[in-house]
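Read the structure below first, then the notes.
The values are calculated or read from the model by the stated rules, or taken from the named source; none is laboratory data. From a predicted model like this one, the values you see are computed outputs, not experimental measurements. Methodologically, a virtual Cβ is constructed for each residue, glycine included, from the backbone with ideal geometry; neighbour enumeration extends over all protein chains shown. Ligands, DNA and RNA are stripped out before the accessible areas are found, and what is left, the full protein with its side chains, is counted by its heavy atoms. Shrake-Rupley method; radii C 1.70, N 1.55, O 1.52, S 1.80 Å.
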Amino acid sequence: MTELLIKRKSLAEELAEKLQELISEGFYAINQKLPIESELMKSFGVGRSTVREAIKILVNSGYLRVRQGLGTFVEDHSGINEPLTRRLKRATSEDMDEVRELLEMKIAEKAALKRTQEDIEKISSFLEKRVKAAQYNLLEECVEADIQFHISIAEASKNDILADLYKTLCIRLKNIFLTQFSNTEVFIKTESLHRDLLNSIIDQDAKSAWQTVAKITGHLSQ
């Protein structure tokens, strides 16, 4: 039996959470300078290394900014602080479809212009896996191959942010597909469109790639 290990939070992580809570509650206002290290050490009963690591965590999370020679200041954190993966769990299927459509069309455009031969081979291999799984009505394998087909296109776009956003979206997208479909019929029906998308990327035809994705996502009539 595999032993399950529960990771305990470090002192720095606990301090970061406490400071984040104080910032969220307005105890430390936007643009306010935080107390110096020694004061934070005294207030929270921790060492210097713990304070520095906690500050680093909050800087990376967008809650603080460090101005060299001036100190550490509270950053404007009025944007969405909820992790994207958690936010996507609350999203409706309609909202997911819209976000997917926008991402995939832009990704396809860029992939058509930036793809390499290695990218083409990778995209092609996942398409063939998708086709084979669809023919044998292997839904889970088909969905996984479809997801990886589109992820490989995202990676071919050479835009890491777009690719990471799409990969995060796919976590929820996979579950939606497995819930929405009871067989692979829709994947068989859209096989030709996926081949058209691959060919557009091979031909470096960004416009055609955009239009084909729009058809796949249902934006244009097929």
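If a residue has to be open to solvent by less than 70 Å² (accessible area, probe 1.4 Å), closer than 19 Å to F126 by Cα and either among the polar types (S, T, N, Q) or modelled with pLDDT under 95 (or both) to count, how many in the stretch 193-212 make the cut?
2
So which residues in the stretch 170-191 are over 26 Å from L84 (Cβ atoms), open to solvent by less than 70 Å² (accessible area, probe 1.4 Å) and assigned to a helix (DSSP H, G or I), if there are any at all?
Answer for the stretch 170-191, where residues must be over 26 Å from L84 (Cβ atoms), open to solvent by less than 70 Å² (accessible area, probe 1.4 Å) and assigned to a helix (DSSP H, G or I): V186, F187, E191.
Would you check which residues across the stretch 16-40 are of a type in the set (A, V, I, L, M, F, W, C) and surrounded by fewer than 16 Cβ atoms within 10 Å (Cβ to Cβ) and list them?
Of everything in the stretch 16-40, those that are of a type in the set (A, V, I, L, M, F, W, C) and surrounded by fewer than 16 Cβ atoms within 10 Å (Cβ to Cβ) turn out to be L22, F27, A29, I30, I36.
I'd like the full set of residues that are more than 23 Å from the chain's Cα centre (by Cα) and closer than 21 Å to S192 by Cβ, limited to the stretch 112-123.
Residue satisfying the conditions is E121 alone.
Does the stretch 143-153 contain any residue that is part of a helix (DSSP H, G or I) and surrounded by fewer than 14 Cβ atoms within 10 Å (Cβ to Cβ)?
No: the stretch 143-153 contains no residue that is part of a helix (DSSP H, G or I) and surrounded by fewer than 14 Cβ atoms within 10 Å (Cβ to Cβ).
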